[in-house]
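Encoded as structure tokens, the structure appears first; notes follow it.
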Amino acid sequence: MHSLRKANTHVDVTYRDGGPTDSLIARNFTLDSNEERVLLSMDLSVNERTRSKDSNIYLDVKKLIERASEVESFQLSIEKWLDPLKSALQKYRDASREVEIRFKDSSSHRYRYKIDVDEYNLTLFILF
């Protein structure tokens, strides 16, 4: 397992019902890659640790925990620290592509995804 980034980064989450996009904070990104899978993992527990239980990030992470099976995509801004993910996806073209989200007290979730990259963003579209 390879650490990609420990600092906070914004992650946008969309749901299949087409509702508004939620913006959360993720940190402690790791990458585990081999011939079988390329796994990007991120920790979302920082959103649960806020003092204000009425804040948007707290309410949005609780929504994600409750609706984890309804996620359509995760989107990140393209930054240099994502280069190892790009390299792993090129090296292991036939590997399963997976993303894992981790929380403070709730179970983590893993999803298979297809990736879309534009000039500014990396979007992981969840496969159903």
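Taken over the stretch 9-37, the residue count meeting the criterion of being within 16 Å of residue 99 (Cα to Cα) and in a strand (DSSP E or B) is 18. Any idea which of 61, 117 is in contact with an Asp or Glu (Cβ under 6 Å, 6 or more places away or on another chain) and touching a residue at least 12 places away in the same chain (Cβ under 8 Å)? It is 61. Has the stretch 53-68 got any residue that is in contact with a Leu (Cβ under 8 Å, 6 or more places away or on another chain) and assigned to a strand (DSSP E or B)? No - not one qualifying residue is present in the stretch 53-68.
Residue-by-condition table, conditions (1) touching a Phe, Trp or Tyr at 6+ places or on another chain (Cβ under 7 Å); (2) over 17 Å from residue 12 (Cβ atoms); (3) surrounded by 13 or more Cβ atoms within 10 Å (Cβ to Cβ); (4) not hydrophobic (A, V, I, L, M, F, W, C):
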position: 29; (1), (2), (3), (4): no, no, yes, no
position: 47; (1), (2), (3), (4): yes, no, yes, yes
position: 63; (1), (2), (3), (4): no, no, yes, yes
position: 69; (1), (2), (3), (4): no, yes, no, yes
position: 86; (1), (2), (3), (4): no, yes, yes, yes
position: 102; (1), (2), (3), (4): no, yes, yes, yes
position: 111; (1), (2), (3), (4): no, no, yes, yes
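Taken as a whole, the condition of being in contact with a helix residue (DSSP H, G or I) (Cβ under 7 Å, 6 or more places away or on another chain), charged (D, E, K, R) and in contact (Cβ under 8 Å) with a residue 24 or more places away in the chain does not apply to residue 67.
Would the stretch 51-59 turn up any residue that is under 25 Å from residue 1 (Cβ atoms) and among the hydrophobic types (A, V, I, L, M, F, W, C)? Scanning the stretch 51-59, I find no residue that is under 25 Å from residue 1 (Cβ atoms) and among the hydrophobic types (A, V, I, L, M, F, W, C), so the answer is no.
In the set (1) charged (D, E, K, R); (2) crowded, with 18+ Cβ neighbours inside 10 Å; (3) modelled with pLDDT under 95, residue 43 fails one condition alone, (3).
Only one of the numbered conditions (1) exposed (fewer than 13 other Cβ atoms within 10 Å of the Cβ); (2) of a type in the set (S, T, N, Q); (3) closer than 21 Å to residue 127 by Cβ is violated by residue 75, and that is (1). Against the numbered list (1) touching a Phe, Trp or Tyr at 6+ places or on another chain (Cβ under 8 Å); (2) at pLDDT below 95; (3) surrounded by 15 or more Cβ atoms within 10 Å (Cβ to Cβ); (4) not aromatic (Phe, Trp, Tyr), residue 52 comes up short only at (3).
The values are calculated or read from the model by the stated rules, or taken from the named source; none is laboratory data. Remember, predicted model here, so these are calculated numbers, not experimental data. Here Cβ is always computed from backbone atoms with ideal geometry, including for glycine, and neighbour counts include all displayed protein chains.
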